[in-house]
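What follows is a short report on a single structure.
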Amino acid sequence: MVEIISKRDGPRREDAAFRRLLSENRSTITRLADQFSAGAYSASKAAKPKPQPQGLIFHDMGTGAPPREPLPRIRVSLNGRVIVVDENTSRQLHHLGQVTARDGSETFVLATSENGFFAPLDEPIATRLADLDNQTLSGDRMEEWLVAEIGRRLELE
């Protein structure tokens, strides 16, 4: 479409004549454009159906190597979260709980709905770690002891 901009209000006489000439010869202009572009002009103007996605599309940005078995390890993060991570991919497998400061000492709080966690632990894991809930970490029972004890109870070491 051709837009002609002029300083006057309304279309000029020449503009109206040019638009009329274009509209009367539209079929000839289209035919010539198709002839010069080997039909690409009309093909570009035709309505194209939008592709519909079929199912879910996954983009794997991995190395192309087959996935390995997860190698679970217990970690205590800087903000006190106690988690099980896969050493191969560094992805979190389970959130076990939180080390919080209570009454001047550090306490391990198990991730259960009773303790106010939105995503509580699975029942088999929670029963193995139940007596560690509200365990005070002091003296010889520090974070290293907690990691070793959780690993022993979950048979990760």
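The values are calculated or read from the model by the stated rules, or taken from the named source; none is laboratory data. Values in this document were obtained by computation on a predicted structure and should not be read as measured data. Here the Cβ is made from the backbone with ideal geometry for all residues, glycine too, and neighbour counts use every protein chain on show.
Only one of these conditions is not met by Arg31: (1) within 22 Å of Glu3 (Cβ to Cβ); (2) more than 47 Å from the chain's Cα centre (by Cα). Which number is it? Going through (1) within 22 Å of Glu3 (Cβ to Cβ); (2) more than 47 Å from the chain's Cα centre (by Cα) one by one, Arg31 breaks only (1). Which condition does Ala148 not pass, out of (1) aliphatic (A, V, I, L, M); (2) part of a helix (DSSP H, G or I); (3) surrounded by 16 or more Cβ atoms within 10 Å (Cβ to Cβ), if it passes all the others? With (1) aliphatic (A, V, I, L, M); (2) part of a helix (DSSP H, G or I); (3) surrounded by 16 or more Cβ atoms within 10 Å (Cβ to Cβ) applied to Ala148, the lone miss is (3). Where residues in the range 97-124 are touching a helix residue (DSSP H, G or I) at 6+ places or on another chain (Cβ under 9 Å) and not in a loop (DSSP other than H, G, I, E, B), which of them is farthest from Arg153 (Cα to Cα)? Ranking the candidates gives Glu106 first.
Of the residues making up the range 37-69, just one is surrounded by 10 or more Cβ atoms within 10 Å (Cβ to Cβ), modelled with pLDDT of 85 or more and assigned to a loop (DSSP other than H, G, I, E, B), namely Gly39. Filtering the range 113-143 to residues that are loosely packed, with under 12 Cβ neighbours inside 10 Å, touching a strand residue (DSSP E or B) at 6+ places or on another chain (Cβ under 9 Å) and among the charged types (D, E, K, R) leaves only Asp122.
Which ones in the range 108-148 are among the hydroxyl-bearing types (Ser, Thr, Tyr) and either touching a Leu at 6+ places or on another chain (Cβ under 7 Å) or without any contact (Cβ under 8 Å) to a residue 24 or more places away in the chain (or both)? Listed by number, the residues that qualify are Thr112, Ser113, Thr127.
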